[in-house]
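**Q** Please read through the structure below; I'll follow up with questions.
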Amino acid sequence: RAKAEGRSTVRFFEPSMQAESEARLALEADLREALQTGQFRLYLQPQCDPLGRVVGAEALLRWQHPKRGWVPPAAFIWLAESSGLIDDIGQWVLGEATQWLARCDELGVPLRIAVNISPRQFMQPDFPQRVRQTLAHSGADAGRLVLEITENVLLHDPAQAAARMIELKALGVRFSIDDFGTGYSSLAYLKRLPLSEIKIDRSFIAGLPDDSNDAALTKAILLLAQEMELEVVAEGVETESQLEWLRTHGCRTIQGYLLGRPEPAGDLIERLQRASTDPAPARAPAASP
Ligand code: C2E
Ligand code: MG
Ligand code: MG
Ligand code: MG
């Protein structure tokens with residue numbers, strides 16, 4: 001309504017500001033309740049090698065609210081971050097992910113799980129301690145846990161962020177830079193930080209193979225990663241032609257709707273376990289490399 005009135009008066013702006021802050025408070029209260037009453041679900045989206053085998057998965061948070069229905073992360077992660085709730089929510093995700101990792105180990109499913117870590121969560125003084133305890137509690141192999149951070153984490157206090165990464169790296173966990181190429185930080189950090197992987201942002205993949213700018217940028221990122229001995233995951237791969245282009249240009253790990261949507265963690269892991277023990281797999285086995 002305030003919009004329809006145009007920008008004529010402040011009078012119409014204020015009620016909308018108030019409505020906004022009320023909506024925000026209500027959402028924050030709901031988030032708190034979601035944690036307490038177990039409304040969060042851990043979903044996994046597969047990451048595949050060039051033969052289509054699932055080698056890893058990204059943990060993606062899902063919120064099933066009794067009245068709001070499914071609320072996408074884009075609608076609440078920002079609020080969790082600004083209200084501080086992300087510390088507990090993020091810890092919940094980490095706990096779930098490491099328990100699934102331990103389960104994979106029991107089942108003989110060689111999966112890596114990547115967990116998104118928000119900047120605030122990452123910079124909490126006790127974060128490394130919590131990761132260590134969570135790993136120990138679950139019995140998961142640290143080498144199978146990937147922490148996805150964004151370039152933004154490095155903006156505020158690069159030296160402290162680097163020290164923190166080195167501390168965590170000593171536990172055996174791996175680091176991936178999410179949404180690579182979309183942040184504002186310089187590339188200098190690539191040579192200083194203990195990184196294992198970068199994820200090419202979906203916005204670059206979207207234009208492949210026809211958009212020459214996206215193709216040029218993606219090629220440059222792939223080359224950079226190769227020279228610096230970093231693994232690369234392409235995210236948001238939706239079409240066969242994108243997949244083909246990425247394969248041709250040497251991208252070895254693919255994530256996107258084309259290969260699998262996010263699904264309840266147990267569903268993916270069960271399917272992988274069945275596939276690994278089934279003597280006659282439903283899908284034709286991929287040719288050997
Ligand atoms: P992200 O980490 O970059 O995750 C990738 C997003 O792209 C996911 O959205 C995923 O569902 C979506 N996606 C994957 N493949 C495709 C595709 O082929 N096409 C399209 N159009 N989208 C695809 P989602 O699950 O809605 O999550 C959005 C963002 O919310 C994530 O972006 C991440 O920044 C944040 N997020 C999700 N879970 C968590 C969490 O547990 N902790 C934190 N801190 N952030 C999270
Ligand atoms: Mg991510
Ligand atoms: Mg991403
Ligand atoms: Mg992204």
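The values are calculated or read from the model by the stated rules, or taken from the named source; none is laboratory data. In this text, all values refer to a predicted model and were calculated from it rather than measured experimentally. Glycine also receives a Cβ, built like all others from the backbone with ideal geometry; neighbour counts cover every protein chain displayed.
**Q** If a residue must be acidic (Asp, Glu) and within 12 Å of ligand 1 (Cβ to nearest atom), how many such residues does the stretch 167-200 contain? Don't jump to the end; show me each part of the working.
**A** Looking only at the stretch 167-200, we keep the residues that are acidic (Asp, Glu), and these are 167, 178-179, 197.
Now narrow it down to the ones that are within 12 Å of ligand 1 (Cβ to nearest atom): 178-179.
Number satisfying all stated conditions: 2.
**Q** Here's another thing I want to ask about it. Report whether or not Val233 is among the hydrophobic types (A, V, I, L, M, F, W, C), out of contact with any helix residue (DSSP H, G or I) (no Cβ under 6 Å at 6 or more places or on another chain) and within 16 Å of ligand 3 (Cβ to nearest atom).
**A** Details: among the hydrophobic types (A, V, I, L, M, F, W, C): yes; out of contact with any helix residue (DSSP H, G or I) (no Cβ under 6 Å at 6 or more places or on another chain): yes; within 16 Å of ligand 3 (Cβ to nearest atom): yes.
It is true that Val233 is among the hydrophobic types (A, V, I, L, M, F, W, C), out of contact with any helix residue (DSSP H, G or I) (no Cβ under 6 Å at 6 or more places or on another chain) and within 16 Å of ligand 3 (Cβ to nearest atom).
**Q** Check every one of the strands (runs of 3 or more DSSP E) wholly within the stretch 10-88 and list those with 3 or more residues that are aliphatic (A, V, I, L, M) and within 13 Å of ligand 1 (Cβ to nearest atom).
**A** Details: elements: 40-48, 54-65, 69-71.
It comes to 54-65.
**Q** If you go through the stretch 246-261, how many residues are more than 16 Å from ligand 2 (Cβ to nearest atom) and either farther than 21 Å from Thr182 by Cα or part of a loop (DSSP other than H, G, I, E, B) (or both)?
**A** Looking only at that region, the number is 7.
**Q** Specify which of the listed residues (Ile221, Ile205) is away from ligand 2 (no atom under 15 Å from the Cβ) and surrounded by 15 or more Cβ atoms within 10 Å (Cβ to Cβ).
**A** Values: Ile205 fails: away from ligand 2 (no atom under 15 Å from the Cβ).
Going through Ile221, Ile205 in turn, the sole match is Ile221.
**Q** If I filter the stretch 247-268 down to residues being touching a Lys or Arg at 6+ places or on another chain (Cβ under 9 Å) and away from ligand 1 (no atom under 14 Å from the Cβ), which single residue comes out as farthest from Leu208 (Cα to Cα)?
**A** Gly266
**Q** Can you give me the number of residues within the stretch 177-221 that are in a loop (DSSP other than H, G, I, E, B), within 16 Å of ligand 4 (Cβ to nearest atom) and not polar (S, T, N, Q)?
**A** Residues meeting the conditions: 7.
**Q** Among all residue pairs at least 6 apart or on different chains, which show Cβ distances below 9 Å where the first residue, located in the stretch 210-225, is farther than 22 Å from Leu190 by Cα and the second is among the small types (Gly, Ala, Ser) and assigned to a helix (DSSP H, G or I)?
**A** Close Cβ pairs satisfying both conditions: Asp210/Ser241.
**Q** Can you name the number of the only condition in (1) out of contact with any helix residue (DSSP H, G or I) (no Cβ under 8 Å at 6 or more places or on another chain); (2) surrounded by fewer than 19 Cβ atoms within 10 Å (Cβ to Cβ); (3) closer than 27 Å to Leu243 by Cβ that Lys169 fails?
**A** Condition (3) is where Lys169 drops out.
**Q** If Thr98 meets every condition in (1) more than 16 Å from ligand 4 (Cβ to nearest atom); (2) surrounded by fewer than 23 Cβ atoms within 10 Å (Cβ to Cβ) apart from one, which number is that one?
**A** (2)
**Q** Residues that are away from ligand 3 (no atom under 16 Å from the Cβ), aromatic (Phe, Trp, Tyr) and out of contact with any Pro (no Cβ under 8 Å at 6 or more places or on another chain): does the stretch 104-122 have at least one?
**A** For the stretch 104-122, residues away from ligand 3 (no atom under 16 Å from the Cβ), aromatic (Phe, Trp, Tyr) and out of contact with any Pro (no Cβ under 8 Å at 6 or more places or on another chain): absent.
**Q** Can you find, within the stretch 64-101, the residue that is farthest from the chain's Cα centre (by Cα) among those that are of a type in the set (S, T, N, Q) and more than 15 Å from Ser118 (Cα to Cα)? Break it down stepwise before answering.
**A** Restricting attention to the stretch 64-101, the residues satisfying the condition of being of a type in the set (S, T, N, Q) are 64, 82-83, 91, 98-99.
Retained after the next criterion (residues that are more than 15 Å from Ser118 (Cα to Cα)): 64, 98-99.
Values: Gln64: 19, Thr98: 15, Gln99: 17 Å.
If we take residues in the stretch 64-101 being of a type in the set (S, T, N, Q) and more than 15 Å from Ser118 (Cα to Cα), then Gln64 is farthest from the chain's Cα centre (by Cα).
**Q** Please verify whether Arg68 is among the charged types (D, E, K, R) and at pLDDT 95 or above, treating the condition exactly as stated. Before you say what the answer is, go through the steps one by one.
**A** Values: among the charged types (D, E, K, R): yes; at pLDDT 95 or above: no.
No, not satisfied.
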